[in-house]
Amino acid sequence: MTTQISNEDIVQLFNNMAAMLEIKGDTVFKIRAYQRAANTIEQLSWSLAAAAAAGDDLKKIPGVGKAISDKVQEYVATGHVAAYDRLAEELPANVLELLEVPGMGPKTVKAAVDELGIGSVAELEQAAVDGRLEQLPRMGKRSVANILRHIQAQRMRSDRTPLGIASETCAAVTGQLFDACPGLVSITPAGSLRRWEETIGDLDLIAVSENPSETGPALAALPSVREVLVQGESKTSVVVDPGIQIDLRIGEPNAMGAMLQYFTGSQQHNIRLRDYANRRGLSLNEYGITVVESGETEHFPDEESFYGRLDLPWIPPELRRGADELDAARAGDLPNLITETDLRGDLHLHSDWSDGKFPLEEMVAAVAAMGYEYMALTDHSQGLGVANGLTPDRLARQIEILRSLQSRYDMTILCGSEVDIRADGAMDFPDDVLGMLDWVIASVHNAMSQDRDTMTRRISRAMENPHVTVIGHASTRLLGRRDPVEFDIEALLQTARDTGTAMEINAAPERLDLKDTHAARARELGVPLVINTDSHHVDGLTNRTFGVAVARRAWCGPEHVLNTYPANEFAGWLRTPKGQRTDHFAMMAGARSAAASRP
Ligand code: DGT
Ligand code: CA
Ligand code: CA
Ligand code: ZN
């Protein structure tokens, strides 16, 4: 069996065939037939693959004759079309890649291949730069400049976008579309963004509208649009600043379940789900679920009813990785995932005493406004003299001020510090200074290129310090900007467990550190996780949503995250001598789970 084949896949197949035939110099009649079929199929609002699988007569569709119908059948049955493969073999490699460059139609590609021997986009770019491309018929300075610009733009967007930036872009575009489209009812993100992947290839949006035809053109007309890639009935694709591709599709309210499910992916999850459905005589596509025997397609307004039809509970998008989630769903073992509102405190916060942007008092007030029961202010230690870190004297003054602020708040204000772990693993404050603090985050901020063993020993030594409560942003990575340090994560997490040290999930969207798989391993080992925003600004507090997403992707419930516990239980853990904290946490988590499962 093949993977789910969408109408878009089929449209692309026939458009490519038309272009390849044109490059070969085939008859106009044959080329037009493929183009016409592609246009018709693009307009369909139901799955051609499902109809083919159900044995419908596709020739009843205008523009679809026997040759086209046979190829659809072949594609659906085998995942291949022999005629297509033959064409691709006859032509130089990478011709299809050249066709995808806007401005490169079949005739131009043919000339570029035949006359200049160009076989790749890189060679095309070279020919555009050194003036050879301009020599071709119908090519001028203008068209060459455009092709060059497209190639460069394509290279820019080939990089994946960090989640935080993609999510800001998504919110901005969604807002602008609502302003521009009176008929718009909803826009739902799908794809990797909905699964909270740490980087996003492109943004997939599904719109429901009372006036669907206004939506695509409105997207294409937004001021942030750099380039329009596709503008069709059912799909519009654009590239917006800062170089993010957006695929917008129109959904039907009564069939949103399948649409959202299909385009949320992951592809691996969908493949597994489809195999599971096939074994039950059902086939899945982006429009609904088809009973193979009767050929009847059922539609679902939401994902709950879609998964329900497969006798499965709804599976949270964060879990849809094509790993164990389907087995867990079938067994009724899906985790009860943590949500944002489970958080009762934020324990990594900076003020303008170090490198934060807001005064202490305003930072504390903003945290209290989140409705939290507790917080820790954690400005930097003096360390390398960067980030305006605090000397022991300034720290002592800050502690005094924080203690005096406490009387104004119900929220418990912990006096903390984010203390550098020096290159040799020593803490940047002596033990007597650390001893004044309620909460000590130990973080690496320098000597990041140490080898794996040295870095592992360095962080382990910090964990062995009896004053260190938690390791901050362990890998120090910055998504798209700085690689993680090298360390043995398994050894570190075992040391965390053995020493009673908690591990931070740093929610700053450029960090997401621990990352999901490491957080999952911490959970398995019983190491308490703490979700912190590391806010340097009052606006940073809402970044907790990204940290919660990491914890969800790690299959964490609230019981695995220390700062979901009520203030008294949290304080009880903190009072426990460090060497007993892991056991104490296991007891807290056990009590929490038992309470949750009580009827
Ligand atoms: P990305 O964009 O690389 O961060 O990752 P996704 O998961 O957003 O992937 P994308 O945008 O290519 O497609 C969104 C979802 O739609 C994907 O997770 C599964 C589904 N899907 C899209 N195109 C195809 C396709 O050609 N075949 C199949 N089987 N599924 C597809
Ligand atoms: Ca995507
Ligand atoms: Ca996409
Ligand atoms: Zn830090």
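The values are calculated or read from the model by the stated rules, or taken from the named source; none is laboratory data. Please read these numbers as outputs of a predicted model, since none were measured by experiment. For neighbour counting, all protein chains shown are included, and Cβ atoms are generated from backbone atoms with ideal geometry for every residue, glycine included. Note: accessible area is taken over every heavy atom of the protein model, side chains too, but ligands, DNA and RNA are not part of it. Shrake-Rupley method; radii C 1.70, N 1.55, O 1.52, S 1.80 Å.
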- request: Just one of (1) open to solvent by 40 Å² or more (accessible area, probe 1.4 Å); (2) among the hydrophobic types (A, V, I, L, M, F, W, C); (3) assigned to a helix (DSSP H, G or I) trips up Cys170, so point out which.
  value: (1)
- prompt: Would you pick out the residues in the range 453-488 that are among the polar types (S, T, N, Q), more than 25 Å from the chain's Cα centre (by Cα) and within 16 Å of ligand 4 (Cβ to nearest atom)?
  reply: Thr469
field: Residues of the range 316-333 that turn out to be over 30 Å from Val367 (Cβ atoms) and buried (at least 19 other Cβ atoms within 10 Å of the Cβ), as a count
entry: 5
message: Of the conditions (1) at positive phi; (2) not in a loop (DSSP other than H, G, I, E, B), Gly63 satisfies every one except a single condition; which number is it?
response: (2)
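Of the residues that sit in the range 143-193 and are among the basic types (Lys, Arg) and in contact with a strand residue (DSSP E or B) (Cβ under 8 Å, 6 or more places away or on another chain), which one is farthest from ligand 1 (Cβ to nearest atom)?
Arg157
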- prompt: If you take the residues in the range 174-201 that are of a type in the set (A, V, I, L, M, F, W, C) and more than 14 Å from ligand 2 (Cβ to nearest atom), which one is nearest to Ser266 (Cα to Cα)?
  reply: Ile187
- prompt: Which of (1) touching a Gly at 6+ places or on another chain (Cβ under 8 Å); (2) at pLDDT 95 or above; (3) among the small types (Gly, Ala, Ser) does Gly295 not meet, given it meets every other one?
  reply: (2)
task: Find the residue count for the range 172-198, including only residues that are closer than 23 Å to Arg481 by Cα and either more than 14 Å from ligand 3 (Cβ to nearest atom) or among the hydrophobic types (A, V, I, L, M, F, W, C) (or both).
output: 3
- prompt: Only one of (1) more than 10 Å from ligand 1 (Cβ to nearest atom); (2) open to solvent by 10 Å² or more (accessible area, probe 1.4 Å); (3) touching a Pro at 6+ places or on another chain (Cβ under 9 Å) is not met by Thr236, so which one is it?
  reply: (2)
task: Spot the failing condition for Glu197; the list is (1) within 16 Å of ligand 1 (Cβ to nearest atom); (2) open to solvent by less than 40 Å² (accessible area, probe 1.4 Å), and only one is missed.
output: (2)
Matching residues, the range 178-203, being in contact (Cβ under 8 Å) with a residue 40 or more places away in the chain, of a type outside the set (Ser, Thr, Tyr), assigned to a strand (DSSP E or B) and more than 14 Å from Met256 (Cα to Cα): Ile200, Leu203
task: Give the residue, chosen from Asp379, Asp410, that is assigned by TED's automatic domain parsing to the domain that holds Pro466, of a type in the set (Asp, Glu) and open to solvent by 10 Å² or more (accessible area, probe 1.4 Å).
output: Asp410
